[in-house]
1. Give the range of the longest stretch in the chain that excludes all GluC sites (Glu not before Pro) found in loop regions by DSSP and having at most 11 other beta-carbon atoms within 10 Å.
2. Using the Cα centre of the chain as origin and beta-carbon charges of +1 (Lys, Arg) and -1 (Asp, Glu), tell me which of Val123, Thr93, Trp108 is placed farthest towards the positive end of the dipole.
3. Per the helix-only calculation at 222 nm, which mean residue ellipticity applies to the chain, given -39500 (n - 2.57) for every DSSP H run of n ≥ 4 and division by its residues, nearest 500 deg cm²/dmol?
4. Within the stretch 104-120, find all residues whose amide N lies under 17 Å from a label point positioned 7 Å from the Cα of Ala138 along Cα-to-beta-carbon.
5. Between the DSSP loop rule and a limit of at most 11 other Cβ atoms within 10 Å, which chymotrypsin sites (Phe, Trp or Tyr not before Pro) in the stretch 81-159 are left?
6. By its C-alpha gyration tensor, with a ≥ b ≥ c as the square roots of the eigenvalues, how is the stretch 12-159 shaped: rounded for a/c under 1.5, else prolate for a/b larger than b/c, else oblate?
7. Can you give me the relative contact order of the chain as a percent, contacts being Cα pairs under 8 Å and 6 or more apart?
8. Is there a quick way to get the dipole size of the chain? I mean about its Cα centre, with the Cβ of Lys and Arg at +1 and of Asp and Glu at -1; what is the value in debye to the nearest 20?
Amino acid sequence: MTKEIERKFKVSGDGWRDEVSQSFLIEQAYLVAERERSVRVRIRTLLTGDGSSEPECFLTMKFGATAISTDEYEYSVPYEDARSLVSHAGDLTLTKLRHLVEFDGRTWEVDEFQGRHEGLVIVEIESEDAESINNFPAWVGTEVTYDSYFKNASLVFAK
């Protein structure tokens, strides 16, 4: 188990695009999506210049009542199992492109949502101490950490 501490922000502009070091296609399907707990399966594929790599698949459980910190349990699962689990999620799915951007010695994760959330771009930053993050790239906008609408487990319900 790990303690996940992260902050989320809206992205302002495209200034981050030239700094991307890696990009992934991520499909997430929620088997449980409640206020204080979620269980999801994630299929993550590294996008490369000549196509894409073999997908990595994870089953993740998150527990916690606070917006900024959760207990997280994550396990690798075979691709066939992940596909099967996705089929059990119904409409509780989302797809996004995740871009990794380095700034001030930290990796910022910029998520460009696809499908019904097209146009939504959120950046996440994880840290051992959320308050230690005090230097922000110019393209980081309004903080949405405490707005439950912007949790992925909530976005699957938004139409």
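1. Values: sites that count: Glu36, Glu118, Glu128.
Maximal segment without exposed cleavage sites: 37-117.
2. Going by the charge dipole, the pick is Thr93.
3. Details: 2 runs with 13 residues, N = 159.
After summing the helix terms and dividing by residue count, I get -2000 deg cm²/dmol.
4. Counting only backbone N, you get 104.
5. Working: sites: Phe103, Trp108, Phe113, Trp139, Tyr146, Tyr149, Phe150, Phe157; in loops: Trp139, Tyr146, Phe157.
Counting only loop positions with at most 11 other Cβ atoms within 10 Å, the chymotrypsin sites (Phe, Trp or Tyr not before Pro) in the stretch 81-159 are Tyr146, Phe157.
6. Working: a/c = 1.60, a/b = 1.20, b/c = 1.33.
Taking the square roots of the gyration eigenvalues as a ≥ b ≥ c, the stretch 12-159 is oblate.
7. Values: 340 pairs, mean separation 50.6, N = 159.
Over the chain, the number comes to 32 percent.
8. Working: 18 positive and 30 negative charges, 124 e Å.
Dipole magnitude for the chain comes out near 600 debye.
None of the figures in this text is laboratory data; all of them are computed from the coordinates on show. Predicted, not measured: the structure shown is a model, and the values here were computed from it. Reconstructed Cβ throughout: ideal geometry from the backbone, glycine too, with neighbour counts over all protein chains shown.
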